[in-house]
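**Student:** Got a structure for you, questions after.
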Amino acid sequence: MRKRRLIIVGSLLVVLLTMTAALFLSRHASPLHIRVSFLSHTNDTNGIRMAAFAITNKSDDTIMRRSMYCPEIRRQPGLRSTLHLGPRVFLAPGQSEVVAVPTPTNQGEWRVAFYFTRDGWRRRFSDWCGQGSGGLVDVLVPDSLRAAPTERVPTEWIEP
């Protein structure tokens, strides 16, 4: 009788902990407050026309700028390609960086979207899962919990 009671109480405790963890992990954090501003056109050392952008972390959390960006051309909606931007960068609250990307040529108005993730345990866990942890983690942890939420922040449309 005592063993049965222990099994029931243990099972209820496991269910309660599982529900609490699922509720905690599924909470949506507030959106990140990031300002991306076009600064100017410039040329790199090879003479390629570049556009410089200032990225400022206006949120209360440290953020990570992902190592990719997506240029868009207004005349070609839906046509997007993701390009490599170099190493990812961490920005503390209030911190800024300047990023330069090649400008599309002879395409009309265009803009760029940058991608950001809140830094913390969720991002570190996502990085760990992405490094081939495999095995039991891939089976037990759903994709939605393995991926850190990423926010896409587009710039204003820029005249050529």
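The values are calculated or read from the model by the stated rules, or taken from the named source; none is laboratory data. Note that the coordinates shown come from a computational prediction; the quantities given were computed from them, not determined experimentally. Cβ placement follows ideal geometry from the backbone for every residue including glycine, while neighbour counts extend to all protein chains displayed.
**Student:** Which of the residues that make up region 33-47 are surrounded by fewer than 18 Cβ atoms within 10 Å (Cβ to Cβ) and closer than 20 Å to residue 87 by Cβ?
**Tutor:** Answer for region 33-47, where residues must be surrounded by fewer than 18 Cβ atoms within 10 Å (Cβ to Cβ) and closer than 20 Å to residue 87 by Cβ: 34, 44, 45.
Here's the yes/no breakdown for (1) under 15 Å from the mean Cα position of the chain (by Cα); (2) at pLDDT 90 or above; (3) more than 22 Å from residue 37 (Cβ to Cβ):
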site: 89; (1), (2), (3): yes, yes, no
site: 93; (1), (2), (3): no, yes, no
site: 99; (1), (2), (3): no, yes, no
site: 110; (1), (2), (3): no, yes, no
site: 116; (1), (2), (3): yes, yes, no
site: 123; (1), (2), (3): yes, no, yes
site: 133; (1), (2), (3): no, no, yes
site: 136; (1), (2), (3): no, no, yes
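**Student:** If you don't mind, there's one more thing I want to ask. With the checklist (1) at pLDDT 95 or above; (2) loosely packed, with under 10 Cβ neighbours inside 10 Å in hand, flag the one item residue 57 doesn't pass.
**Tutor:** Every listed condition holds for residue 57 apart from (2).
**Student:** Here is a further query. Select from region 82-104 the residues that are more than 20 Å from residue 123 (Cα to Cα) and of a type in the set (A, V, I, L, M, F, W, C) and write down the one among them that is surrounded by the most Cβ atoms within 10 Å (Cβ to Cβ).
**Tutor:** Only one residue tops the list, namely 99.
**Student:** Applying the selection to region 28-52, what residues are touching a Pro at 6+ places or on another chain (Cβ under 8 Å) and basic (Lys, Arg)?
**Tutor:** 49
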